[in-house]
Amino acid sequence: MKTTTMACAIALGLAMTVAASGTLYAADQPQTAPPATAPAAAATAAPKLHVALRELWQGHIQHTRAYAMAVRAGNATAAKKAADDVVANAKQIADAVGRFYGADAGAAMLKLLAGHWGGVKAMTDADHAGDKAASAKAMQDLTANADAIAKFLSGANPNLPEAAVRGLVMTHVGHHSAQIGEIMKGDMQAEATTWKAMQAHMNTFADALADGIAKQFPAKAT
C-alpha cells in the first residue's frame with residue numbers, strides 16, 4: 001500500500017524551517033507560494049545563495065514532473081530527456097554542496113540524490129504499471145534515503161537539525177507520491193494543487209539549506 005497518507009501526516013506535523021538566524025520558524029504556506037526566483041520572505045545574509053538554491057531545487061521538481069508526464073503519455077523520448085535532466089540537475093546541486101564542504105561531500109551528496117531520484121523514478125514507473133508492491137517498495141527506499149540525507153546534512157552543518165531536515169525531505173517525498181498518483185490517474189486538477197504546494201515547499205527546503213550554510217560559512221556564502 002502506498003504510504004501517501006503517512007507522508008502527508010508528516011507534512012502536516014512539520015511546521016518549521018531554518019530562518020536567517022539559524023532558528024526554526026513556521027513552515028511555508030503553499031497557497032501563497034512565492035515564485036522560485038523571488039528572494040526569501042525574511043531578510044537573509046546571503047540572498048544570492050537563496051536564489052541559486054531555489055532555482056536548483058525547483059529544477060529538480062520540474063524535471064521529475066516532466067518525467068511522470070512523459071511516462072503517462074507513453075513518450076519514451078521525452079521520458080529519457082527528463083530523466084537525463086534530473087541527473088544533470090542533481091550534479092549541479094551536488095557541486096553547490098561541494099563548493100562549501102569539499103569534493104568528497106559533493107560526491108556523497110550526488111550519491112544521495114541518485115538514491116532519491118531512483119526512488120522517485122521507481123515509484124513513477126510502478127504507479128504507471130499499476131504495481132502496488134513496487135510502489136510501496138519505492139516509498140520504503142525513499143524513506144530510508146530521507147534518513148540518510150538528513151543524517152548527512154545535519155552531520156555537515158550543526159545549524160541543520162537532523163529531525164527537521166528529515167521532516168522537510170519526507171514532506172517532499174509525500175508531494176512526489178501524491179503528484180505521481182494524480183498524474184497517472186489523469187487528475188490534473190488535483191495535481192495542480194499539489195504542484196503549487198510542491199513548489200512552495202522546495203523554496204522552504206532551499207531556504208533552510210541556504211540559511212544553514214550562510215550561518216556556518218558567512219564569508220563564503222556572501
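In this structure, ASN157 qualifies as farther than 22 Å from ASP84 by Cα, of a type outside the set (Ser, Thr, Tyr) and either touching a helix residue (DSSP H, G or I) at 6+ places or on another chain (Cβ under 6 Å) or in contact (Cβ under 8 Å) with a residue 60 or more places away in the chain (or both).
The residue pairs whose first member lies in the range 83-107 and is within 20 Å of GLY118 (Cβ to Cβ) and without any contact (Cβ under 8 Å) to a residue 40 or more places away in the chain, whose second member is assigned to a helix (DSSP H, G or I) and among the aromatic types (Phe, Trp, Tyr), and whose beta carbons are closer than 6 Å, counting only pairs six or more residues apart or on different chains, are ALA83/TYR67; VAL86/TRP117.
Residue by residue, here is whether (1) more than 30 Å from ALA214 (Cβ to Cβ); (2) under 14 Å from the mean Cα position of the chain (by Cα); (3) assigned to a helix (DSSP H, G or I) holds:
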{"site": "THR64", "(1), (2), (3)": "no, yes, yes"}
{"site": "MET69", "(1), (2), (3)": "yes, no, yes"}
{"site": "ALA79", "(1), (2), (3)": "yes, no, yes"}
{"site": "ASP84", "(1), (2), (3)": "yes, no, yes"}
{"site": "ALA96", "(1), (2), (3)": "no, no, yes"}
{"site": "ASP125", "(1), (2), (3)": "yes, no, yes"}
{"site": "THR143", "(1), (2), (3)": "no, yes, yes"}
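Each reported figure results from applying straightforward, stated rules to the coordinates on display, with no laboratory input. Computed from a predicted model, the values in this text were never measured in an experiment. Note that each Cβ is placed from the backbone with ideal geometry, even for glycine, and that neighbours are counted across all protein chains shown.
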